[in-house]
Each structure stands twice: as C-alpha cells, then as structure tokens.
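A short worksheet on the structure shown next.
Please treat every number below as a calculation from the coordinates, not as lab data. Model, not experiment: these values are computed from the prediction. With ideal geometry, Cβ positions are generated from the backbone for all residues, glycine too; neighbour counts draw on all protein chains shown.
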Amino acid sequence: MSWYGGFRPYVPVAKRRANALKKMEKLRKKGHDIKPVQIEGRKITHTFWGQAWCDHLESFSDYSNRLPRGRTYVRNGSVCHLDIEKGQISAMVSGSEIYTVQIAIKTLARKKWQAVKSRCAGQIDTLLELLQGRFSKNVMSVVTDRDTGLFPQPGEIKLTCSCPDWAVMCKHVAAVLYGVGARLDLSPELLFLLRGVDHEELISADAGVAAAVAGTTSGRKRIAQEALPDLFGIEISEDAPAAETTPAPRRPKTPSKPKKKAKVAAKGANKRATETGPHKAPVKNTSAPRKPVTQKNPPPSHGTRSVTGKGVARLRAKFGMSQSQFAKLIGVSAPTIGNWEHKSGRLGLHARSLEAWQAIKHMTKQEAWRKLDGIARK
C-alpha cells in the first residue's frame, strides 16, 4: 500500500489510544502481563531516581537532540507496555501501529560496582534513604557520576524499534527511555536490576564494622517496619499477638496437722456412734470434687486466601484502572501496587488489605468505578 508523498496518513491520538487499548486487552487475554506507563500531569518524573535517569541521558549530545521527540508520546499514554529486566528493556508503543521497542543495556562492570560501593561505604544508613534518594551530596555525586556512576553510557546502550523511521533513536524509543524514568519513580530498585547489581550491598558494605561497634549480631541496617509497605509494596504479615494466659487460681493451702486431727476425730466420732447407737449413720462428705480449671485460648484465624501479583495485575486490567486509581480503590499507595505486580508467588497482605481485596475482587468494572468515584468524593 502506498501513501501520498510517501508518508502514512495521520492518526489522531484518541484513535491511536483506542486501538492500543484493544491490542493490549487481547494480549492480556492471552496471558501477557501488560505494564503501561501512565503519567499524571505534565511532569514526567517526580523523584530523585527518575529525574537522575532523565538528566543523565539528556547530558549526552547524541541523545539530547532526539529525546524531546518522545516527551509528548509518553505523556499522552502511548507507551502501552514497558518491562525492565536484567540488561533488557522491552516495550510496546502506540503510533500509526503498535511498535515494538527493545533496548539492551550492559550490566554494570564488577570493578565499577566495587568502586561505587567502597566510595559509598558507611554513608547510607537504610534502604529507605537509598531508594528515596535521601543521602549526602557526596553519595549523590558518586551514584550519578556521568562516567563512573550507576547509569549507562551511550556505548552500553543498543536501541531497536520496529517502526520505519531510519533514526536510531526514533520518537518511540525516546518515549520508552522517558518511560523508564517514570517507572523508576515507582520502583527505583529496578535501576539496580537493570544494571545487574544488588542495591542492598550499598548499605552492607561496611556492615561488619558497624556490627562490631554496635555489639549487635545483625550485620544489615534495617528499615522501620511501618515504612516498608508504601516504599516497596511489601505487606508484612500481621502476626497474632501472643495470647495472654492467666494462671489457674491456686487452692488455699491448709496445714497438714489439722487435716490429720480432723480425720482422727471423724473416725473417733463414727466409732462412738457405732458403739452407742447403731442407728446413727456416719455423716458423709457430700461436697462435689472440684473440676480442674482449663483455660481455652485458641489463636485467631483470618482464613486468608492466596493473592498473587499476577492476580492483582489481572484485576486492575479488568477494571481498566491505572496503578494509582487501583491503589485508591484498595486503600494502599501506588508504589505498593506496582511492587505487588512485580512479585512472584503468594503475597503476604495485611488483614485490612486482604479485606479490601475480598470486597472488590468479584466486582464488575462499572461497580469498581462507582466505588472509586465514591472514594474520590469523600
């Protein structure tokens, strides 16, 4: 098929988006885990890691002239799927058609990673500070250094797109690179996954020294438990509180000698009664013996059912909601939903989160949106 002037006819954004939604829905039905990039507002990134990723790429002249072509695409929701794995970014972008983008990024060299760890040793207190980007200017300069930091060099990046554009970095690839920055806003640990390193090593590099000084047996610095759910999407299981047991009341002790005297007196009385009057029957002790006191204290049970990351993604796709919208519906943060969907196996949810899940999992799409509208009005 040929087009006038060699260019394809213009397809309005609304129509492209509708076509993309249909395509993604078909893929979901086939079992694909679709992860769209959704931007709220004009600003693409909002956190340290997302902004640092974009600033790094824009610092290279080869990229700075072509990256802006993708800003409009990522803002209007054209990046309908983006997945980050070790050394690989896979995406689908809606244009005149649905184009496939593959970006290969070399993992961080071992020597470079060791140098980053040694320069950051003892300067990052917790995982919370690391992933929220709350650390000293010295550490910030180490991890964002253009040549020796965590971000890739142009020579370590290989870009491919299925579109007919001759440019190595077309607008679809540029949109995906900005989409990575937006995804790092929600899950900054994905940068370390992409570069093939463990982010927790940055805070455990000098753990042995810290443990010796503190006199503790744990070598890794911990985050406060209440800070975990919103940052990582981790739902810590709520252990049932230890049952308070009250000891059974003790029987009052009676002196042994009076008991013997009482028994002897009783025997003497019975003997005398038998001798003087056979018609007198001995008095029997009619009091019933005490039953042993037993205390029932069964542990509480919640009757939890297994909830998986794939199940969360399927239900959100069924409702047609963004991660932030679905998070409001279930009563958690958007990063929590994002991290749930990236996890494999069963999720250990809080009781309140599990209760909210049970309440919405059988809803229709219309019922879910009505409930969300009701929450928004409150």
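Report, in whole Å, the centroid distance computed from the Cα atoms of the range 71-137 and the range 169-202.
So the two Cα centres are separated by 1 Å.
Given a cut-off of 31 Å, name the pairs among K86/K137; K86/K117; K86/K171 whose C-alpha atoms lie farther apart than that in the structure shown.
none
Where does each of 70-82, 39-51 land if you order them by average Cβ count within 10 Å, highest first? Please list the in-between numbers first.
Working: 70-82: 21.8, 39-51: 16.2.
Answer by packing, highest mean first, reads 70-82, 39-51.
Please go through the range 141-195 and write out the chymotrypsin sites (Phe, Trp or Tyr not before Pro) that DSSP classes as loop and that have at most 15 other C-beta atoms within 10 Å.
Here the sparse-neighbourhood loop sites are W166.
Please compute the net charge surrounding G149, taking Lys and Arg as +1 and Asp and Glu as -1 over other residues with Cβ under 13 Å from its Cβ.
+1
Relative contact order of the range 4-210, please, whole-number percent, based on alpha carbon pairs below 8 angstrom and at least 6 residues apart.
Worked out over the range 4-210, it gives 30 percent.
Cα-based Rg (one decimal) and Dmax (whole number) for the range 1-155, in Å?
19.1, 64
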